[in-house]
Structures are given as structure tokens and as C-alpha cells.
């Protein structure tokens, strides 16, 4: 019979954290109509990864286009040639011309084609098509409906890389990436809405400033070496507080006879 050993706090935290991460991921995928078969294939080791490799190329292309749309929308709202006298984005023609999607894409210096850009604009609530067939900008932030899963994949992958890099940086005394959060576990629900409104206002101003700084340093010519990416993600969350103690606390107390 195997000896009953007690888990250390670190071991217990890692095990329960891994279980919570997997449970949250699977629940999110199920809510977004991702089949159990696909989830199993993706997690099925080398065979599953080989099967998904061909589809990954198209996914990366679409994801790159989605990221480029942020740059394109930023250019639409900031470059003088695409603004009217009141600094509002001018409507764009679908075809060629000074004020066209093709011209905007060229000025944005992104890899995405004008054709794919126009298609994504048609699908986005950030842009509308008027009666003359011109594209009209409604929001600077580009949004795509039913795009939650790719967005989550992009965010989680890079966040995990941030955690890994910071862990290595701690051990080697190198510069850490920004990774922090602030929250309270108990708050009057009636006060959340006005605070969120304030967070959104200040957060939008901050991100617009950061976006401008980053875009100013975008490379205009491709180089094979010495090239990397830099990005900042800001988000807020709310959820009902749990009055009972967490499973992690109860499990640790039980195993250690506290």
C-alpha cells in the first residue's frame, strides 16, 4: 500500500491551479461550441498536434490580420489625410483612390491585404457601410463578433509567456515585464458600475497613449534578425464574491490536519 504523503503548499497550489486553469479553459470552449472531439484531439499529444498543423497556418494568417486591423483603425483615426476638418475619420471607398481601403492599408504599412481588410470591416460593428457603399468608422477599437476563442488563445498564450519570462528574470536578476493586478474581494455591487466607467475612461486614454508610442516605433522595412514584438493588454473583471472558503484552502487544511 502506498504511503500517505502530505503535499507541500507549493505542490497543492500547483495541482489545484492546474485543475482550475484546465476547467476554466474547457468550460470556455464548451460555451463557444467547441466540440469535445476537437478538444481531445488538440490535447492528444503528438498525433493530435500533427493533425492540426495544416489548419494552424490559416489560423495564424487570420489572427495576424485581426491584429493588423488595430493598426489600420489607429491609422484611420490619426493620419491627417484620412481625417476631415473636425478630425473625424473620412468615409473610405471600397475601390481605389486617395480615400480608399487600399490607400489606408498602404499607409498603415501592414501585411494584410486590402481585400481581407474590407471583408473584416464588413463583419465588424466598429465599421458600417453607408448607402453609397463607403466604409464609415464608428469605433477606434476594432471588434469582431464571435471571435472570442481566437482572442482568448492570443491573450492566454502571451500571458503565459509573460509569466515564464518573469520567472526566469527573477532568478537571473533581469528586467521584469509589467504583470500586476489590483482588486477587492468584497464590494457593494451598486458601486461597481460607476467605478468601471471611470476605469474605462482612464484605461482608454492610457492605451491610446501606449498605442501611439508603440506604433511610432513600428519597423518600416522587414529584417530577418533583431525583430520582436511588444504589446500591452488591459482588462477589468467582475464576479460575485464567494462567501465560503475556497477548495484550495479546505484541501490544504484537511491534508495537513489544520
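Read the figures in this text as sums done on the coordinates, not as results from a lab. Since the model is a prediction, treat every value here as computed from it, not as a measurement. As a convention, Cβ positions derive from the backbone with ideal geometry for all residues, glycine included, and neighbour counts pool all protein chains shown.
Observations
- Three-way shape call for region 134-245 based on the alpha-carbon gyration tensor, with the a/c threshold at 1.5: oblate
- Packing-based exposure ordering (other Cβ within 10 Å, fewest first) of 143, 227: 227, 143
- Gyration tensor (alpha-carbon) shape descriptor, region 106-176, a/c threshold 1.5: prolate
- Percent of Cα pairs exceeding the 18 Å cut-off, where the set is region 54-137: 39
- Centroid-to-centroid separation of region 64-85 and region 125-182 [C-alpha atoms, Å]: 17
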